[in-house]
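Report on the structure given below.
We did not get these values from a lab; they are worked out from the coordinates using the rules stated. Not measured: the values here are computed from a predicted model. Here the Cβ positions follow ideal geometry from the backbone for every residue, glycine too, while neighbour counts run over all protein chains shown.
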Amino acid sequence: MPAFRATAPGKIILFGEHAVVYGQPALAVPVPAVQAQAIAQAALGLSAGEILLDAPAVGLKSALWRSLPPEDPLARAVALTLEALHAPQPPAVRLKITSTIPVAAGLGSGAAVTVALVRALSGFLGAPLPDAAVNAIAYEVEKIHHGTPSGIDNTVVTYARPVYFVRGRPLQPFRVGAPLTFVIADSGIPAPTAQAVADVRRAAEADPEGYAALFATVGEIANHARDALARGDARRVGTLMSENHALLQKMEVSCRTLDTLVQAAHEAGAWGAKLSGGGRGGNMLALAANAEAAEAIAVALQRAGAVRTIITTLQPSP
Ligand code: MEV
């Protein structure tokens, strides 16, 4: 059986994180500059049914999947894939997983690793699963990572296209009217999304009316942003990003480092800036007027303490 290779991109949330968990719309795009990759190949010397996982990218060095606890994300991804394929006893497989997506940084590393794994394993076994099945498995695995995920991360990573996402509804692509250049900057602070999501839940339970209003305003911003993106009105997109950041501050998911980076992006001429993802660390996002401005903003963000910057351009819809 020939080896089968699959990749999945990182992702970044443009608008609506956290509020999306409560049914508000959110917008996210793939980040192809960072990728997870899985290669499935025949494993000589192993018996049928055995799958050797080799995933240094997520801190796992050569383990048989059945030896891992069932709640291990990779083990769960393998189990759900075999279940979907009705293949409890497949030929012996070696699955090598690598990734250039920073972990716990809000770039969808967990979802991308799962999607690459599911595609490589099902492809190697001769029955590549369709996107909807891959997405459903990735959502189940996200629950291990994030507790109560909205499903936006696995959806963007699976379909690898800009997504206007409302929890529980079918995917809707959104239109991009003009190229938009973003700078993504890593605060260097690891940010487990599950913690931030759980804290927002607690705060929302303590102040239901206040948080319902915050979430609804974020939802309105996401809808305005969808229209501005379709028109190619980058200045308006930037303004809406900054408004969204202010609401994330009110939800207490920003932190001093992220606020410093957002401020530095504004001072360097960004049209807008906000944290992206779970917050409390991880990444922030700035919108630049063009590629040259993006370089200057990236330098300013590094000077302000960012440990890594990625420049990514969202291309207009065909
Ligand atoms: C994480 O990338 C985005 C959050 O809104 C959580 C979720 O949607 O599952 C913070």
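Below, the figures for the structure above:
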quantity	calculated
Cα-centred dipole magnitude for the chain, charges only on beta-carbon of K, R (+1) and D, E (-1), debye, nearest 20	500 debye
Global form of region 167-217, assessed from the alpha-carbon gyration tensor, a/c cut-off 1.5	oblate
Relative contact order of region 175-314, defined on C-alpha pairs under 8 angstrom at six or more residues apart (%)	42 percent
For region 158-311, size of Cβ-based charge dipole, Lys and Arg +1, Asp and Glu -1, in debye	400 debye
Cβ-placed point charges (K, R +1; D, E -1), dipole of region 4-165 about Cα centre in debye, nearest 20	340 debye
Residues SER47, SER254, sorted so that the one with the fewest Cβ neighbours within 10 Å comes first	SER47, SER254
Relative counts (whole %) of C-alpha pair distances in region 77-220, using bins that are 10 Å wide	10, 32, 35, 18, 6, 0
All lysines inside 30 Å of LYS96 as judged from Cα atoms, apart from same-chain residues fewer than 8 positions distant	LYS11, LYS61, LYS143
Dipole of the chain, positive direction: furthest Cα of VAL29, LEU107, LEU95, with charges on the beta-carbon	LEU95
Ranked list, fewest to most other Cβ atoms within 10 Å of each Cβ, for MET284, MET241, MET251	MET251, MET241, MET284
Angle between the chain longest axis and helix 234-250 axis [Cα atoms, degrees, rounded to 10]	80 degrees
Gyration tensor verdict on region 225-318 (Cα atoms; rounded if a/c is under 1.5, prolate if a/b is larger than b/c, oblate otherwise)	oblate
Top of GLY277, GLY45, GLY232 by mean-square fluctuation, Gaussian network on the chain, Cα under 10 Å	GLY45
All lysines inside 17 Å of LYS250 as judged from Cα atoms, apart from same-chain residues fewer than 8 positions distant	LYS274
The chain: translational diffusion in µm²/s, Stokes-Einstein, Kirkwood Rh over Cα pairs, 4 °C, 1.567 mPa s	65 µm²/s
